[in-house]
Amino acid sequence: MAITGAHDIDEAVAVTARALRGVADRDWSGPAAGLEWSCYDTAVHIAEDFTGYATQLTGRSTDSYVPFEIRAEPGTTPAGLVRVIEATGGLLSAAVRTTPEDVRAWHPYGVAGADGFAAMGVVEVLLHTYDILGALDAPAWRPPDHLSTRVLDRLFPHAPRTGDPWRTLLWATGRADLDGLPRLAVWRWYADPVRTGRLLLCEVSPNVGADLHDGGTGGFTWADGGPPEGTRLAGRLVAKAREEGTYRPGWSPYVIVRASDRRALGAVGFHAAPDADGRAEIGYDLVESARGHGYATEALRALTDWAFTRPETAVLRVVVDHGNDASHGVVTRAGFTRADEGEDTTVYELRRT
């Protein structure tokens, strides 16, 4: 995977500023294509993102956005807004260049380092330039393919790989269909997926969970038979947790994506965040066509490793029906041991070492 960096931000800002200057003589007060924001407000939003991402890195913010707001001076023209985009893009580029490799900062779509925020900035300016141009009768614009390829690799590991990376990026962000795949009703990027040798684990956020529960794809391309019923039910739990105010990022189901073909196979994840004693329960399921290949064991190991990097985790538990021989094998191979026997189930545990 190529590392997205300041040079990508600089190039993205240059190509989008050139395109936006070409329509700066037009009326930007109408809505941008597909958005409720006006073209004017969409341009301001790009500057907000650039500045916000830069200050996440410089402020070392680990739990929320830095609380401030960016506005354009009253009377600023479209040409002036292009200058604002260039200036704030430069801020993000400078922040990315000077941020040490070990610095990580918060974003609602995943904690990330400088490369992640660089990719996010590139996505924002490319897509919102497309939205503005689409409303101003310039819909055929497209950025260089290598920029789309880089951000797909960094932020959209679940998206299919095609010969047209720009069209794929538009599909992955709900703006177009793709080779027979319908336009997505819900989407997000993944700044911090859990990676294994064969798999990518992408966390289910509340909006993705609601879409899965309501019969949608969650923004994933599924293997035959997916999404499985357990994954749809887990999606509802995430959406319900947000409604009840108990949702905690990180402690949700994760969709299991096969890296070789970007197909979603099922889910593995937590029923809730650890309780006061540091205990959390994990569940998992796979589409039938993906069983028997060790995917569940690989995903379970990866997520338990992630959980034990968190100081609040002391014990992980899995409850398995007595007759589910395959699942007993999964948890045993993942290092869990029997802790309790019930009438119909066995409780397995794995403790922090």
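The values are calculated or read from the model by the stated rules, or taken from the named source; none is laboratory data. Computed from a predicted structure; not experimentally measured. Neighbour counts run over all protein chains shown; Cβ positions are idealised from the backbone, glycine included. Accessible surface is based on the protein model in full, side chains and every heavy atom, while ligands, DNA and RNA are left aside. Shrake-Rupley method; radii C 1.70, N 1.55, O 1.52, S 1.80 Å.
General observations
- A search for C-beta distances below 7 Å between a residue of region 334-353 that is without any contact (Cβ under 8 Å) to a residue 12 or more places away in the chain and any residue that is open to solvent by less than 100 Å² (accessible area, probe 1.4 Å), counting only pairs 6+ apart in sequence or on different chains, returns Arg338/Thr346; Arg338/Tyr348; Asp340/Val347.
- Applying a threshold of 9 Å to beta carbon distances and a minimum spacing of six or more residues, or different chains, the list of pairs starting in region 61-85 at a residue that is in contact (Cβ under 8 Å) with a residue 60 or more places away in the chain and ending at one that is surrounded by 13 or more Cβ atoms within 10 Å (Cβ to Cβ) and of a type in the set (Lys, Arg) reads Val82/Arg21.
- Every residue from region 203-217 that is more than 21 Å from Asp179 (Cβ to Cβ) and either among the small types (Gly, Ala, Ser) or not in a helix (DSSP H, G or I) (or both): Glu203, Val204, Ser205, Gly209, Ala210, Asp214, Gly215
- Residue match in region 46-54 (condition: at pLDDT 95 or above, part of a helix (DSSP H, G or I) and farther than 14 Å from Val125 by Cβ): no
- Any chance Leu57 is assigned to a helix (DSSP H, G or I) and open to solvent by 20 Å² or more (accessible area, probe 1.4 Å): no
- Residue selected from region 218-232 under the condition part of a helix (DSSP H, G or I) and in contact with a helix residue (DSSP H, G or I) (Cβ under 7 Å, 6 or more places away or on another chain), by the criterion surrounded by the most Cβ atoms within 10 Å (Cβ to Cβ): Thr231
- Of all residues making up region 171-187, the number that are on the phi < 0 side of the Ramachandran plot and open to solvent by 10 Å² or more (accessible area, probe 1.4 Å): 9
Per-residue answers, yes or no, for (1) in contact with a Ser or Thr (Cβ under 7 Å, 6 or more places away or on another chain); (2) open to solvent by less than 10 Å² (accessible area, probe 1.4 Å); (3) not β-branched (Val, Ile, Thr):
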{"site": "Gly121", "(1), (2), (3)": "no, yes, yes"}
{"site": "Glu124", "(1), (2), (3)": "no, no, yes"}
{"site": "His128", "(1), (2), (3)": "yes, no, yes"}
{"site": "Asp137", "(1), (2), (3)": "no, no, yes"}
{"site": "Ala140", "(1), (2), (3)": "no, no, yes"}
{"site": "Phe156", "(1), (2), (3)": "no, yes, yes"}
{"site": "Pro160", "(1), (2), (3)": "yes, no, yes"}
{"site": "Gly163", "(1), (2), (3)": "no, no, yes"}
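- Those residues of region 248-262 which are open to solvent by 60 Å² or more (accessible area, probe 1.4 Å) and within 22 Å of Thr62 (Cα to Cα), in sequence order: Arg248, Pro249
- When the residues of region 284-318 are filtered to those that are buried (at least 19 other Cβ atoms within 10 Å of the Cβ) and in contact with a helix residue (DSSP H, G or I) (Cβ under 7 Å, 6 or more places away or on another chain), the one that is nearest to Arg195 (Cα to Cα) is Leu300.
- In this structure, Ala210 does not qualify as closer than 23 Å to Gly294 by Cα and either touching a helix residue (DSSP H, G or I) at 6+ places or on another chain (Cβ under 6 Å) or open to solvent by less than 30 Å² (accessible area, probe 1.4 Å) (or both).
- Out of Arg183, Arg154, sole residue that is within 14 Å of Thr217 (Cα to Cα) and among the basic types (Lys, Arg): Arg183
- Condition met for Asp102 (crowded, with 19+ Cβ neighbours inside 10 Å and either within 30 Å of Ala223 (Cβ to Cβ) or modelled with pLDDT under 95 (or both)): no
- Filter pass, Glu298 being of a type in the set (Asp, Glu) and modelled with pLDDT of 95 or more: yes
- Among (1) at pLDDT 95 or above; (2) crowded, with 16+ Cβ neighbours inside 10 Å, the one test that Gly110 misses: (1)
- Glu281 touching a Phe, Trp or Tyr at 6+ places or on another chain (Cβ under 8 Å), open to solvent by 20 Å² or more (accessible area, probe 1.4 Å) and not in a loop (DSSP other than H, G, I, E, B): yes
- Flag for Gly59 being under 17 Å from Ala19 (Cα atoms) and either out of contact with any helix residue (DSSP H, G or I) (no Cβ under 8 Å at 6 or more places or on another chain) or of a type in the set (D, E, K, R) (or both): no
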